[in-house]
1. In vacuo Debye scattering of the range A:255-304, one point per C-alpha: log10 I(q)/I(0) at q = 0.28 Å⁻¹?
2. Please figure out what share of the DSSP beta bridges in the range B:150-353 is antiparallel and state it in percent, rounded to the nearest 5.
3. Keeping all protein chains in place and using 1.4 angstrom, which order do A:H340, A:H107 fall into by accessible surface area, from largest down?
4. For the range A:306-417, rounded, prolate or oblate, judged on the Cα gyration tensor with a ≥ b ≥ c (square roots of eigenvalues), a/c < 1.5 rounded, else prolate if a/b > b/c?
5. Report the accessible area of A:I330, computed with a 1.4 Å probe over the heavy atoms of all protein chains in place, in Å² rounded to the nearest 10.
6. Please report how far the C-alpha centroid of the range B:215-240 lies from that of the range B:263-329, rounded to the nearest whole angstrom.
7. Would you list, by chain and number, the lysines whose Cα falls below 21 Å from the Cα of A:K169, excluding same-chain residues fewer than 8 positions away?
8. Under 1.5 on a/c is rounded, so check that first for chain B, then, if it is not, pick prolate when a/b is larger than b/c and oblate when it is not; a ≥ b ≥ c are the square roots of the alpha carbon gyration tensor eigenvalues.
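The values are calculated or read from the model by the stated rules, or taken from the named source; none is laboratory data. Keep in mind it's a predicted model, so treat the numbers as computed, not measured. With ideal geometry, Cβ positions are generated from the backbone for all residues, glycine too; neighbour counts draw on all protein chains shown. Protein only, heavy atoms only, side chains kept; ligands, DNA and RNA dropped before computing areas. Shrake-Rupley method; radii C 1.70, N 1.55, O 1.52, S 1.80 Å.
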Amino acid sequence: MGVNLVIFIFFYSCERARIHFSCLKMGSFLLRKSCLRSSVLIQNPRTSFLLFSHLPEFHSNLDSTVVARGAYNWFLNVSGFSSKPQVMKTPVGFNIRCFSSQAIMEHKTCDGLTIENIVSYQWPILDESEGDWKSHAAAISQSIQLIKKRLQWKQLVVRLQMLSLELSKPDLWDDPVHAGKISREHGSLMGKMKEVNGFERELLEHIDMLKLAREENDAELESETMKALLSMRRSAKEKELKALLAGEQDSCSCFIEVQGGAGGTESMDWASMIMNMYKMWAQGRGYGVTVVDEVRGEIAGIKRATIKVEGENAFGYAKAEVGVHRLVRISPFDSGKRRHTSFAAVAVTPILSDASSRCQINESDLSIERFRSGGPGGQHANTTDSAVRIVHIPTGLTATCQNQRSQHQNKALAMSVLQSRLDQLEIARQAQINAQHTHSLTEISWGNQIRTYVLHPYRMVKDLRTNYEVPDPNSVLDGDLDGFILSYLSALMDKDEILYEFGFYDRKR
Amino acid sequence: MAFPYNSFSRTIRSIMSPRNLSQPSSIHLNQPQTPLFLKSPIHQTPLSSLTQFQTWAKTLIQSKGSNFPTIDNGPDTNHLFRELKWFLEDAGFNRDDDEDIVRLRVGLDELYLLWKQRIVERRPFQYVVGCEHWRDLVLSVEEGVLIPRPETEVIVDIVEELIKKEEEEEDENEVMMKEGLWVDLGTGSGALAIAIARALGKGGRVIATDLSPVAASVAGYNVGRYGLQDKIEIRIGSWFKPLEDVKREVVGLVSNPPYIPSDQILGLQAEVGKHEPRLALDGGENGMVDLLHLCEGAASVMKSGGFFAFETNGEMQSKFLLDFTMNKSKGCFRDVKIVSDHSGIQRFVTGFFV
Ligand SMILES: C[S@@+](CC[C@H](N)C(=O)[O-])C[C@H]1O[C@@H](n2cnc3c(N)ncnc32)[C@H](O)[C@@H]1O
């Protein structure tokens, strides 16, 4: 038993460290250390968990298998063991069966350090460049805690347990749509949990490794480990961000809709400036942008417009923009050069990618209208205008599209807008909360101001929700919005209580 | 994309196959024009010249285009601005290109010429760019061929619905509609024939006819572009004449024949009246000459239970046809009804043959 465990550890560490040139060396350390302390290891639940949890990957990942085989032969050579280890025969399902213990199990270093107590020691967090290991470890541990908070860790664990219980029911697949939903959600939550757990484990292992290196006076290993800690510290920041977008719809593409407030040409001009800002923001992020609907003002600007923004997390980010945007400037349309305040409202709708969760639209509930200038139409008229408006009679929701070159395409795009609006309504209904992000344009009250852009008498853009502020309106209007978006999302996610107010973060528990 | 010459000539050759004895013996086949967006982008142009062009084109719209709606119900300036955007898209101008040189599909001179034709001569936008976006298709069009109308798209919706319903019901006739022979009479650019052929199953076929050789050649080009030369056969001739060999075989008949009353041709919007072929528009006195001819003659080619859909000028013509099919030729038709277009105009008459 003791021997097998040692082999596990060894394979495991080789796999983890397969990109390190010092892999074998580390293995030998661990091996020697482990042999010395095998009795300790066997009793250490973290270690034994760590050994088993990676087996499925171990089997499936050709790369690591090759490394592990080589290392295994090497191990046999040096150690003189010749008996075949039973490693390979470990049931693959083991990982799944013990997953709940995976979540609850507290990860520890050999001498009992956990993420929690690293944070509680409040080691000073120095700059990355001058950081010692404690500084790195403290920064990473803080990130892990933040990530867990953002992911609503405890609820995630409970939900995951419920889902796996459901998955184990024999009659699950009698309803394939439901089953598909369950297994997709399970897969996605499981993925998140594994990622965080893996990250946590990696940190603690590196700490173990570092101590080991110091005891053995191995400068090379020590510097390798420090490097690894530093790179973890950097990727922790990315993971924090990613955890902001963990909502069910966050990864979706979306529609962004802008409408000018009262005030004629001035506010229509403002609406088109805002729309431009989103187009540039979206393009800057590498998203696909399509104009779906655009009603121009008589003199300048737009009365309203809708764009489709396609790409990973488009909705997750854009949802931070929902609300009323206020502009203060000297209006170029006022010959008296007076200061004007204008408003534009922004709505954002996710485009659900999972067809099974979309609303079924009944053709007979739709009224499809074409805008026309009057006259007999048909052969009498030549027009490149094939705008289409679809009304969903039961809800009164409408969608308009006129920027495509055929009526058929306008209709298809208008349908997809309508579909998203209906889906959104359904999401709100299911959440049974009038969630902020499910407001459609017409519902957004003009009092719900989220941001002010001042061009005169001074220059500044300020978010009224977070007080995030930028002195250069031009850069913001050119699409540099990420600062606003991220600060809002973090503020939103980092306040635990608030989460429940938003339908979008409700995981239907 | 290069001109698919082989497939095109194959399609047209079928017109002259020995089956079609009714064909005039020598057909002058004109070479269809390549739409602007398919020409090769070989004309290097400085971005600044293009910006200049754009400014000029916009000014032209504003100075000349603002009264089109009042003169003859023509396009308003918003539409013209949008056309300009599409024109530049088709010509190969990519706004996001931050290089100083852009590659156009026509020379700068021609760009000016074409836009002048659009605004000053009221040449239809679709002839200027040589194509019309219709449903999910992009169809080549040129002078001599009617530009397919958005209203007509609905006929395809009706046919698709019919095929879908038939599949769901799976009665003993099974998939007669999906796998049978359809005809599109007066096919013009081939719009209806192509869209319907794409909705049919493996065995489904379409014969598309037209009296105009220009229309036949453009339709052939479009059929080739969509790779449907094995499914669609184009025949030249007047209404039922090219269909002698398929009597009682046709399961579906669609047609958008000329239906504008002769005395209204003069007052048409300039894009239509001055540029589109009269053969495609003029329906004689009351505009009903061709529609009535089609209604009367259809029974001879139709299979029992076959479906038909005609486009009309609106309420008056539709009601007249409904009355005609239900009373004058009693017993020939069943389930005849009027279907409205998206503007609420009673545009189509559909039904079945007994
Ligand atoms: C209104 S256009 C319809 C074209 C096309 N089906 C569409 O919907 O876009 C009428 C077509 O009928 C053709 N046509 C006119 N008289 C005809 C006749 N006697 N026999 C066959 N086709 C005829 C015209 O050449 C024209 O292409």
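1. -1.00
2. Of all bridge pairs located within the range B:150-353, approximately 35 percent are antiparallel.
3. A:H340, A:H107
4. On the way: a/c = 2.38, a/b = 1.23, b/c = 1.94.
Note, shape of the range A:306-417 comes out oblate.
5. 60 Å²
6. 22 Å
7. Of all the lysines, those that pass the test against A:K169 - Cα under 21 Å, at least 8 places apart if same chain - are A:K181, A:K508.
8. Because a/c hits 1.5 or more and a/b exceeds b/c, chain B counts as prolate.
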